[in-house]
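Worksheet for the structure shown next.
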Amino acid sequence: MQTILFIMGVSGSGKTTVGKLLSEQTGIPFFDGDDFHSTANIEKMKAGIPLTDEDRAAWLQSLNQLAKENETRGAVIACSALKETYRQQLADGLHHVQWVYLKGSYALIHERMLQRPHHYFSAAMLQSQFDILEEPFHAWVFDVQEDPHSIAASILKHFVMQSDFGIIGLGVMGKSLALNMAGKGVKLSLYNRYVKGQEEKVAEQFITHNPILKEAKAFEDLSAFVQSLAMPRKILLMVNAGAAVDAVVEELKPLLSKGDIIIDGGNSFYKDTERRIQELNQYGFHFIGAGISGGEEGALKGPSIMPGGDATAYSQVQPILESIAAKDKSGKPCCAYISNGGSGHFVKMVHNAIEYAEMQLLSEVYAVMRNGLQLSQDAIAAIFQQWNEKELNSYLLEITIDILQTKEGEDWLLDKILDTGSSKGTGSWAVAIAAELGVPAGMMTSALYARYLSAQKQTRVQAAAALSTSQASVSISTEQLQQAYALARIINHVQGFELIKTAALKYQWGINCSELARIWTNGCIIRSTLMEQLTGIVSADNLLLHPLIITSIQQQLDSLTQTVTASLQSGIAVPALCEALHYIHAMSTEQSAMNLIQAQRDYFGAHTYQRIDDASGKAYHTQWKNEN
């Protein structure tokens with residue numbers, strides 16, 4: 001894609017002259033916006049009547065369409081574009097746009113217009129343009145008193161120097177995204193911090209070793225990096241969540257201009273993202289929290305991207321983000337605006353929590369097969385392959401098959417890996433927020449706690465010896481195990497989406513869960529056939545009660561029950577499978593024993609309770625202990 005250069009200013013500022021000079025020097029076609037006005041608009045201006053926004057609507061749309069038709073070769077378009085809303089309409093859906101503003105005083109331009117008496121836009125109407133003029137804050141600005149040839153030369157110099165997009169942080173993900181963008185024709189500036197003896201010339205060496213980056217620019221000086229970017233600047237942060245993001249933002253603030261856009265592509269906590277949005281809004285900067293899933297391979301070949309924040313700012317980076325995203329089965333990009341605030345990072349957090357539970361379920365199924373059914377790794381891999389070829393297809397199942405088939409010499413590599421799990425924060429955040437919002441999210445909780453428990457390796461070894469525990473064979477079939485795994489996965493997704501819906505209601509995000517599920521059908525870690533099936537039903541008011549989910553529960557509940565029972569009797573821990581079964585039973589229990597807990601709370605703390613024979617919701621308190 002090539003740059004669309006819009007030259008704007010009031011009538012008489014020299015837009016056409018500069019535009020034609022640029023076209024002559026570059027070979028890029030020039031279009032005068034005045035030529036695209038309707039006859040009605042021209043007649044109205046001839047009569048000395050200023051155009052309204054309604055009059056300009058079709059004109060702006062036609063120029064936007066003209067720009068889109070010329071993106072492959074580039075274009076120079078001269079038009080007044082006096083309001084910010086006009087500029088937004090002109091740039092809508094375009095990949096690379098640059099604004100040039102020809103600025104001059106009323107007196108100077110009025111004098112010029114008097115020298116062109118036969119133009120349909122008369123000097124008498126000039127004041128109406130100055131009245132509505134909203135000067136752009138992300139354009140190259142030139143004084144109309146300068147010679148047009150000098151202005152054109154300066155614009156060409158800017159073109160040579162400016163990049164479309166900047167990336168800060170060249171770790172694994174930052175590098176992969178840079179290669180992805182370069183492959184889509186995005187002109188890049190790349191920055192990595194300088195740490196003597198540890199991180200030196202990282203960006204420069206990265207570009208040297210990757211020919212696809214030959215047009216990219218390398219920086220270790222942040223100020224020079226910022227100045228290399230076309231305005232409004234678009235900067236993607238790929239640094240560690242937390243203090244590192246705040247530190248980089250603080251360094252950037254004095255270097256940016258109003259309208260510049262910072263995108264945080266890391267796994268930041270959504271409340272931190274909302275704080276940063278509010279802080280940067282005070283300076284006129286935009287901040288987008290974008291969840292990016294897919295790991296190194298996804299970032300390189302096409303990730304799933306979940307941007308949240310200011311919708312207008314997102315529209316300016318949308319073409320680039322969509323161009324690098326994975327594509328769903330219909331060819332649509334797996335990138336969609338989530339909502340305002342920290343919504344993008346929130347759904348990425350829940351995505352990761354669903355991922356935790358998916359991984360835990362696979363580890364439990366593997367444990368049952370290996371220790372309970374006493375199958376070889378070859379046999380387990382073969383069974384997983386059969387599952388993956390049918391309705392249980394998923395990215396995580398695919399990589400598990402690869403892991404099971406990997407050897408180091410004559411030994412299975414998996415058997416040499418220490419059995420202590422670790423986590424980076426998103427899982428614990430999701431569990432804490434589920435508790436804060438009152439959402440039963442036991443699947444992700446059990447998966448998180450399983451990792452914490454696994455880290456107690458020394459205690460586990462000692463307890464195994466002290467308790468003389470052993471794992472006996474399990475009397476279930478692989479078909480039952482398959483159905484148990486399938487049902488538990490459904491419950492995991494139900495809980496995850498219910499957490500998202502509850503948060504969306506609390507924060508007034510208005511998240512489209514069907515669209516979210518769609519962008520999770522490719523590129524991301526939890527992509528699967530199940531996710532594809534959920535896109536059509538996940539927006540239901542109560543997903544658990546959707547007929548398709550109810551049917552799955554009815555058909556597979558017995559297998560889940562038999563699997564959990566047999567595993568526990570054989571001494572095999574299956575916390576996530578247990579939680580799935582518990583959730584189904586608890587949610588389908590019409591009369592629970594919670595009435596006893598409410599009575600206990602009222603007994604020792606006078607917390608009151610409600611009665612089933614009083615629908616008013618009145619609070620009751622009882623003096624439970626009879627002092628006599």
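The values are calculated or read from the model by the stated rules, or taken from the named source; none is laboratory data. All of these numbers come straight from a predicted model, not from anything done at the bench. Note that we place each Cβ from the backbone using ideal geometry, even for glycine, and neighbour counts take in every protein chain shown.
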Q.
Would you confirm, using the coordinates I've provided, whether Ser257 is crowded, with 21+ Cβ neighbours inside 10 Å and among the hydroxyl-bearing types (Ser, Thr, Tyr)?
A. no
Q: Give His119, His138, His110 a once-over and let me know the one that is surrounded by 19 or more Cβ atoms within 10 Å (Cβ to Cβ) and either touching a Cys at 6+ places or on another chain (Cβ under 6 Å) or at pLDDT below 85 (or both).
A: His138
Q.
Return the residues of the range 536-557 that are in a helix (DSSP H, G or I) and under 15 Å from Leu499 (Cβ atoms); say none if nothing qualifies.
A. Leu543, Leu544
Q. Which of the residues belonging to the range 463-475 are farther than 10 Å from Met369 by Cα and assigned to a loop (DSSP other than H, G, I, E, B)?
A. Ser468, Thr469, Ser470, Gln471, Ala472, Ser475
Q. Under the condition of being among the hydroxyl-bearing types (Ser, Thr, Tyr) and either free of Cβ contacts under 8 Å to residues at least 24 places away in the same chain or part of a helix (DSSP H, G or I) (or both), which residue from the range 327-355 is nearest to Met306 (Cα to Cα)?
A. Ser343
Q | Single unsatisfied condition, Ser257 versus (1) touching a helix residue (DSSP H, G or I) at 6+ places or on another chain (Cβ under 6 Å); (2) part of a loop (DSSP other than H, G, I, E, B); (3) among the hydroxyl-bearing types (Ser, Thr, Tyr) | A | (1)
Q.
Test of understanding: among Leu213, Leu190, which residue is surrounded by fewer than 22 Cβ atoms within 10 Å (Cβ to Cβ), within 26 Å of the chain's Cα centre (by Cα) and either at pLDDT 90 or above or within 23 Å of Gly302 (Cα to Cα) (or both)?
A. Leu213
Q) If you scan the range 549-565, which residues turn out to be within 36 Å of the chain's Cα centre (by Cα) and surrounded by fewer than 14 Cβ atoms within 10 Å (Cβ to Cβ)? A) Ile550, Thr551, Gln554, Gln555
Q: Collect the residues in the range 510-527 that are surrounded by fewer than 21 Cβ atoms within 10 Å (Cβ to Cβ), part of a helix (DSSP H, G or I) and either touching a Cys at 6+ places or on another chain (Cβ under 7 Å) or among the polar types (S, T, N, Q) (or both), keeping them in residue-number order.
A: Ser514
Q.
Just to verify a result, which residue in the range 139-173, among those that are under 21 Å from His95 (Cα atoms) and part of a strand (DSSP E or B), is farthest from the chain's Cα centre (by Cα)?
A. Trp140
Q) Can you name every residue in the range 299-342 that is over 13 Å from the mean Cα position of the chain (by Cα) and under 22 Å from Thr535 (Cβ atoms)? A) Lys301, Lys327, Asp328, Lys329, Ser330, Gly331, Lys332
Q) What are the pairs, 6+ residues apart or on separate chains, where a residue within the range 510-521 that is on the phi < 0 side of the Ramachandran plot has its Cβ under 8 Å from a residue that is aromatic (Phe, Trp, Tyr)? A) Cys513/Phe497; Ala517/Phe497
Q. Just for the range 310-351: of the residues that are in contact with a Gly (Cβ under 6 Å, 6 or more places away or on another chain) and not aliphatic (A, V, I, L, M), which one is farthest from Ile511 (Cα to Cα)?
A. Cys334
(Q) Given the options Ser446, Ser422, name the one that is assigned by TED's automatic domain parsing to the domain that holds Trp387 and modelled with pLDDT under 95. (A) Ser422
**Q.** Hits in the range 242-254 - residues which are out of contact with any helix residue (DSSP H, G or I) (no Cβ under 6 Å at 6 or more places or on another chain) and in contact (Cβ under 8 Å) with a residue 24 or more places away in the chain
**A.** Gly242, Val245, Asp246, Val248, Val249, Leu252, Lys253
